[in-house]
1. What is the residue count in region 32-58 for residues that are open to solvent by 30 Å² or more (accessible area, probe 1.4 Å) and among the hydrophobic types (A, V, I, L, M, F, W, C)?
2. Mind listing just one residue for me: the one in region 3-31 that is of a type in the set (G, A, S) and open to solvent by less than 10 Å² (accessible area, probe 1.4 Å) and, of those, nearest to K67 (Cα to Cα)?
3. What are the pairs, 6+ residues apart or on separate chains, where a residue within region 6-29 that is on the phi > 0 side of the Ramachandran plot has its Cβ under 8 Å from a residue that is modelled with pLDDT of 95 or more and among the acidic types (D, E)?
4. What is the one condition in (1) within 21 Å of K146 (Cα to Cα); (2) part of a loop (DSSP other than H, G, I, E, B); (3) not aliphatic (A, V, I, L, M) that P43 does not satisfy?
5. Evaluate region 72-87: report whether one residue or more is touching a Gly at 6+ places or on another chain (Cβ under 6 Å) and buried (at least 18 other Cβ atoms within 10 Å of the Cβ).
6. Is there any pair linking a residue in region 122-150 that is more than 23 Å from V105 (Cβ to Cβ) to one that is in a strand (DSSP E or B), with Cβ under 6 Å and at least six apart or on different chains, and which?
7. Please work out if Y98 is under 18 Å from M139 (Cα atoms), open to solvent by less than 60 Å² (accessible area, probe 1.4 Å) and among the aromatic types (F, W, Y).
Amino acid sequence: MIGDEWLALTAGTKDGGFNSMTCSWGHMGNIWNKPSIVVYVRPQRYTKEFMDKEELFTVCFFDDCKKELSYIGSHSGRDEDKIAAAGLTPVFEDGITYYEQAKLVFVCRKLFRSTLKEENFIDKSVVEKSYPEKDFHDMYVGEIVKVLSK
């Protein structure tokens, strides 16, 4: 689902502000005996500010929303209300934000964050291809604490 359907990664609240970004990289599984999701955020992304500030984040999957996800992935929430422009409807609940249009929502509690480092790449072609600006992603591991589905 992550690579083919993409997802919206969202952090923040109605009162404190929030932002979302589109992801097509990530993992789901189990680590430290906890069901988990791993997402990656570049340092320049506005969503990173909310990821670093908040304890919880959401990962939303949709049916047929590539146009909307493409929009939020190519526009900054710093510059405009990209969520409204994309036609998505935020839902604010229990300190999280997700979207009414989502078919599946994973509510995650941050467990771990680390910045990818150039020296740790065994295959150096990944760095050349994915990080020409050396703007390495931060990796966030979140424990899945709740699942919402339609």
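The values are calculated or read from the model by the stated rules, or taken from the named source; none is laboratory data. Since the structure is predicted, the reported quantities are computational estimates derived from the model, not experimental observations. Note that we place each Cβ from the backbone using ideal geometry, even for glycine, and neighbour counts take in every protein chain shown. Keep in mind that these areas ignore ligands, DNA and RNA; they rest on the heavy atoms of the full protein, side chains included. Shrake-Rupley method; radii C 1.70, N 1.55, O 1.52, S 1.80 Å.
1. Taking region 32-58 and keeping what is open to solvent by 30 Å² or more (accessible area, probe 1.4 Å), we get 32-35, 40, 42-46, 49, 52-56.
Keeping just the survivors that are among the hydrophobic types (A, V, I, L, M, F, W, C) gives 32, 56.
Result for region 32-58: 2.
2. Here is the first cut: in region 3-31, the residues of a type in the set (G, A, S) are 3, 8, 11-12, 16-17, 20, 24, 26, 29.
Next cut, open to solvent by less than 10 Å² (accessible area, probe 1.4 Å) only: 8, 11-12, 20.
Numbers: A8: 12, A11: 21, G12: 23, S20: 15 Å.
So the residue we want is A8.
3. Here the result reads G12/E54, each pair linking region 6-29 to a residue that is modelled with pLDDT of 95 or more and among the acidic types (D, E).
4. For P43, the failing item is (1).
5. No: region 72-87 contains no residue that is touching a Gly at 6+ places or on another chain (Cβ under 6 Å) and buried (at least 18 other Cβ atoms within 10 Å of the Cβ).
6. Note: pairs meeting the criteria are F136/T115.
7. Values: under 18 Å from M139 (Cα atoms): no; open to solvent by less than 60 Å² (accessible area, probe 1.4 Å): yes; among the aromatic types (F, W, Y): yes.
Judged against the criteria, Y98 is not a match.
Here's the yes/no breakdown for (1) touching a Phe, Trp or Tyr at 6+ places or on another chain (Cβ under 7 Å); (2) more than 15 Å from D138 (Cα to Cα); (3) not aromatic (F, W, Y):
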site: S24; (1), (2), (3): yes, no, yes
site: Y46; (1), (2), (3): no, no, no
site: E68; (1), (2), (3): no, yes, yes
site: Y71; (1), (2), (3): no, yes, no
